[in-house]
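Undergrad: This is the structure I want to talk about, given as structure tokens.
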Amino acid sequence: MNYLVYVSQARKGLGTADLEAILSKSRSYNPLHGISGMLLFADGRDGRRGSFMQLLEGDRDVVENLRATIFADPRHHSKIVIEQGEKPGRDFADWSMAFQNATSESLAGYPAFADLGSEHFYVRCQAGEAHRSLEFLKDFWAAEPRENVL
């Protein structure tokens with residue numbers, strides 16, 4: 001199973017309706033193409049807009065084609081692949097696209113990702129220093145209550 005994790009920053013003015021549209025499209029497209037995964041949206045901080053972290057799981061070529069499409073989407077910018085590779089199976093097999101909002105409080109328990117969305121976090125991502133993002137997403141999903149799920 002191929003996987004890819006990327007981060008990006010939301011464009012100014014991106015709101016709940018935009019997130020719902022992204023999820024609706026993902027949840028209809030992904031099952032038809034053998035894709036599963038998770039989308040995390042972190043509230044903006046330090047005067048910045050919100051940030052995305054997304055895991056895509058599936059066939060290598062399909063994941064890469066979807067990544068290219070996602071990276072062309074103007075609803076976000078500063079897109080950085082922070083982890084990719086092979087793994088034995090799907091971690092989000094039951095989800096065409098799981099979704100979770102993340103607040104600074106919910107991220108506080110994950111020191112390596114507590115600054116998600118900050119300038120410092122993006123500098124670390126560009127330097128290749130955001131390690132274990134797949135494990136973080138799995139742990140975050142398992143630990144967080146589902147009241148922030150769209």
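Undergrad: Inside region 84-121, can you point out the residues that are under 14 Å from Phe52 (Cα atoms) and not small (Gly, Ala, Ser)?
TA: Met97, Phe99, Gln100, Asn101, Thr103, Leu107, Phe113, Asp115, Leu116, Glu119, Phe121
Undergrad: While we're here: Take the residues in region 82-114 that are charged (D, E, K, R) and either closer than 24 Å to Ile22 by Cα or modelled with pLDDT of 90 or more (or both), then tell me which one is most open to solvent (accessible area, probe 1.4 Å).
TA: So, considering only residues that are charged (D, E, K, R) and either closer than 24 Å to Ile22 by Cα or modelled with pLDDT of 90 or more (or both), the one most open to solvent (accessible area, probe 1.4 Å) is Asp94.
Undergrad: Now for a separate question. Taking the stated definitions as given, is Ala10 modelled with pLDDT under 95, open to solvent by less than 60 Å² (accessible area, probe 1.4 Å) and over 15 Å from the mean Cα position of the chain (by Cα)?
TA: no
Undergrad: What helices (runs of 4 or more DSSP H), lying completely within region 32-150, carry at least 2 residues that are without any contact (Cβ under 8 Å) to a residue 24 or more places away in the chain and over 12 Å from the mean Cα position of the chain (by Cα)?
TA: Passing ranges, in order: 60-71, 119-126, 133-143.
Undergrad: Return only the number of the condition from (1) under 22 Å from Ala130 (Cβ atoms); (2) touching a strand residue (DSSP E or B) at 6+ places or on another chain (Cβ under 7 Å) that Gly34 does not satisfy.
TA: Looking at each condition in turn, Gly34 falls short on (1).
Undergrad: Would you call Gly13 in a loop (DSSP other than H, G, I, E, B) and under 18 Å from Ala98 (Cβ atoms)?
TA: The answer is no for Gly13.
The values are calculated or read from the model by the stated rules, or taken from the named source; none is laboratory data. All values derive from a computational prediction rather than experimental measurement. With ideal geometry, Cβ positions are generated from the backbone for all residues, glycine too; neighbour counts draw on all protein chains shown. Note: accessible area is taken over every heavy atom of the protein model, side chains too, but ligands, DNA and RNA are not part of it. Shrake-Rupley method; radii C 1.70, N 1.55, O 1.52, S 1.80 Å.
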